[in-house]
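Chemist: Got a structure for you, questions after.
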Amino acid sequence: MVLTDAQGKTLYYYTLDSATQSTCSSSCAQLWHPLLFTGSGEPSSSTPLAGKLSVQMDANGTQIEYNGHPLYTFSGDTAPGQTNGEGLFGMWFVVTPNLAVQGGGSTSGGYGY
């Protein structure tokens, strides 16, 4: 099971990002689209998640994070359910519900490093 956006596109995280800053912006963000939050309050999911959704102000704007990992969709995924970005460059990976908390610690579901 992988996390998706509201349109069913697979969500990814970038291993070079930190819990406080996305390192994928400018030309990188043209291929890996940051998942930006345009609402108020906190982002939510239509299904229960083991981890925590939050937002972080960074170079891309108000980017949604899962367990401290900024989230992206991949321009190479042209239809819902595709995972063409999985493992690219050894740094991009699909987001699963049990993704470990960025920077250590644990989630309310007990998942962590």
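The values are calculated or read from the model by the stated rules, or taken from the named source; none is laboratory data. No experiment lies behind these values; they were computed from the predicted model shown. Positions of Cβ are backbone-derived with ideal geometry, glycine not excepted, and every protein chain shown enters the neighbour counts. With ligands, DNA and RNA removed, areas are computed over all heavy atoms of the protein, side chains included. Shrake-Rupley method; radii C 1.70, N 1.55, O 1.52, S 1.80 Å.
Chemist: So, in nm, how far is label Cys28 from label Asp5 when the simple model puts each one 7 Å beyond its Cα toward the Cβ?
Modeler: If labels sit at Cys28 and Asp5, their model points lie 1.8 nm apart.
Chemist: Just to check, using Stokes-Einstein with a Kirkwood Rh over alpha carbon pairs, what's the diffusion coefficient of the chain at 20 °C and 1.002 mPa s in µm²/s?
Modeler: D, rounded to a whole number, is 153 µm²/s.
Chemist: What is the dipole size for the chain, taken about its Cα centre, with +1 at each Lys and Arg Cβ and -1 at each Asp and Glu Cβ, in debye to the nearest 20?
Modeler: Dipole size: approximately 80 debye.
Chemist: If you don't mind, another one. Just the accessible area per residue of the chain, please: how many Å² with a 1.4 Å probe?
Modeler: With all protein chains present, the chain gives 52 Å² per residue.
Chemist: In addition: Applying a 10 Å radius around every beta-carbon, put 18-26, 74-82 in order of their mean neighbour count, most first. Mind dumping the intermediate values first?
Modeler: Details: 18-26: 16.1, 74-82: 13.1.
Answer by packing, highest mean first, reads 18-26, 74-82.
Chemist: Okay, next question. Over region 2-113, what is the relative contact order in percent, taking alpha-carbon pairs closer than 8 angstrom and at least six residues apart?
Modeler: Computed over region 2-113, the figure is 34 percent.
Chemist: On the protein heavy atoms, probe 1.4 angstrom, tell me the percent of accessible surface of the chain carried by carbon and sulfur.
Modeler: Heavy-atom surface of the chain belonging to carbon and sulfur, 1.4 Å probe: 55 percent.
Chemist: Right, here's the next one. Suppose the chain between Ser45 and Ser18 were pulled fully straight at 0.36 nm per residue; how much longer would it get relative to their current alpha carbon spacing?
Modeler: Result: 7.5 nm gained on full extension.
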